[in-house]
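Some notes on the structure that comes next.
Bear in mind that the values in this text are calculations on the coordinates, not laboratory data. Please read these numbers as outputs of a predicted model, since none were measured by experiment. Here the Cβ is made from the backbone with ideal geometry for all residues, glycine too, and neighbour counts use every protein chain on show.
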Amino acid sequence: MKNAPFRLTALAVVALGSLLLTGCGGQSLAGAADAGAPAAAVKNTIPSGDLAGSVLKGITQNADFAARVPANIKTNGLKVATADGYPPMEMFDTDGKTMVGVDMSLVRAIADSWGVKVEIINSDVNSMMPGVASGRFDVLASGFNDTEVRREKASFVDYARSSGAIIVAKGNPEGITAPTDLCGHTMAVLDNGYYMQLTTTFSEDCVAAGQAPIEILGFANDPEALLQLQSGRAQAGMNDYPVGVFRAKEAGGAIEAIEIPGNSLFGIAVDPKNTELITLIQDTVNQLIADGDYDKILAAWDLSGMAVTEATVNQGK
């Protein structure tokens, strides 16, 4: 502040400071005034069902990262969009309300590194990307593959490897072992998801090879799609491999997951205009990797095979 041409009394200084902090209508402006300062450290509650809970207990605020947190997140917390029903990436805890899963462990680790509250919001799959674009959510963390199509609407901080899986009935009665075996069959997949896009591509390849196309059934959530397979309405489904393995165990062996090796990447989606937040998330994940906490989080969920050595931005295929 420039020096005033007259001396303020102590009482006047206190009164002026109060006015500056309250602003019009008595609303605090402290958050805006402290935009460059570290947030007062917040430690988020660890749900009982978070398998990485012991790792999260040891994560504390990083002062350098905390100083870079956008003012709105310091004030309102980190708002994360996700969608249940995709274990072990994201799912409800035993209370039926709290979200857990490897993605949820990761965003809690990020928020604790910044010293801010995290608010995880269970959302409809089709509303999450528009919600990030509109500012309703700060980020989307929901087992989303970083793809060229999705990068038209969001930027992705890539944090884990992703391979796909063809889901078939027990014993694989149709003998499906590769995408070329899907021609002429009916598949049930998540509507508007990555595997809807991929299945459509497989079907086009079938037609180009002179074979019958794939009949594709789209559903709003993963359990509905799997139900079609178990009922015999569909002969196959597609999912991320860790999710497929989890679902097979959950179904007591009624279904099987056949891995499709690939080089896809899971990414945390952020508004492309929010470049500072994108860089901050990338730097934070890379610090978690360097500290060893990242590997421990994946190991806690039995997903060490998904690990990357570096968080990147928009490198999905």
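Take the residue pairs Lys79/Lys249; Lys74/Lys97; Lys79/Lys317; Lys97/Lys249; Lys43/Lys97; Lys57/Lys170 and return only those whose Cα atoms are more than 30 Å apart. Result: Lys79/Lys249; Lys57/Lys170 exceed 30 Å. Helix 125-134 axis versus longest C-alpha principal axis of the chain: approximately 30°, rounded to the nearest ten.
Using the Cβ atoms and a cut-off under 13 Å, what net charge is assigned to the surroundings of Gly184, where Lys and Arg are +1 and Asp and Glu are -1? Numbers along the way, then the final one.
Working: positive: none; negative: Glu174, Asp181, Asp205, Glu215.
Surrounding charge for Gly184 is -4.
Taking amide H as placed 1.01 Å from N in the peptide plane, the amide H of Leu51 sits under 5 Å from that of Gly101, each at least 5 places away or on another chain. Going by neighbour counts of Cβ atoms within 10 Å, the residues Phe246, Phe92 line up, fewest first, as Phe92, Phe246. Put a dot 7 Å past the Cα of Arg233, heading toward its Cβ, do the same for Asp205, and the two dots end up 2.7 nm apart.
Taking other C-beta atoms within 10 angstrom as a stand-in for reagent exposure, Ile176, Ile297, Ile268, Ile289 fall in the order Ile289, Ile176, Ile297, Ile268, fewest first.
Kindly express, to the nearest 10 degrees and within the range 0 to 90, the angle between helix 241-250's C-alpha long axis and the longest C-alpha principal axis of the chain. Once rounded, one gets 70 degrees.
What number comes out for the charge environment of Thr82, summing +1 per Lys or Arg and -1 per Asp or Glu over other residues with Cβ under 10 Å away?
Summing Lys and Arg as +1 and Asp and Glu as -1 gives -3.
By the scheme Lys and Arg +1, Asp and Glu -1, what is the net charge of all other residues having a beta-carbon under 14 Å from that of Cys206? All intermediate terms of the calculation are to be shown ahead of the outcome.
On the way: positive: none; negative: Asp181, Glu204, Asp205, Glu215.
With Lys, Arg at +1 and Asp, Glu at -1, the neighbours total -4.
Rounded to 0.05, the FRET efficiency of the Ala212 and Thr275 pair, given R0 = 30 Å and the Cβ-Cβ distance, is 0.05.
Counting every alpha-carbon pair across the range 163-263, the share separated by more than 20 Å comes to 28%.
By count of other Cβ within 10 Å, fewest leading, how are Tyr195, Tyr159, Tyr241 ordered? Could the numbers behind the result be given before it?
Values: Tyr195 25, Tyr159 29, Tyr241 22.
With the fewest neighbours first, Tyr195, Tyr159, Tyr241 line up as Tyr241, Tyr195, Tyr159.
For Asn122 and Ser163, compute 0.36 nm times the residue count separating them, minus their Cα-Cα distance, and round to one decimal in nm.
Numbers: separation 41, 0.36 × 41 = 14.76 nm, distance 2.43 nm.
Gain on extension, Asn122 to Ser163, equals 12.3 nm.
Both radii are taken from the alpha-carbon atoms of the chain; with Rh as the Kirkwood radius, Rg/Rh is 1.09. Rounded to the nearest 10 degrees, the angle from helix 10-22 to the longest Cα principal axis of the chain is 20 degrees. In this label model, Ala41 and Glu310 are separated by 3.0 nm, measuring between points 7 Å along each Cα→Cβ vector.
Rounded to the nearest 500 deg cm²/dmol, what is the calculated helix-only ellipticity per residue at 222 nm for the chain, with -39500 (n - 2.57) per DSSP H run of length n ≥ 4?
Working: 12 runs with 116 residues, N = 317.
That calculation yields -10500 deg cm²/dmol at 222 nm.
Look at the Cα gyration tensor of the range 50-153: its axes a ≥ b ≥ c give a/c of at least 1.5 with a/b at or below b/c, and that counts as oblate.
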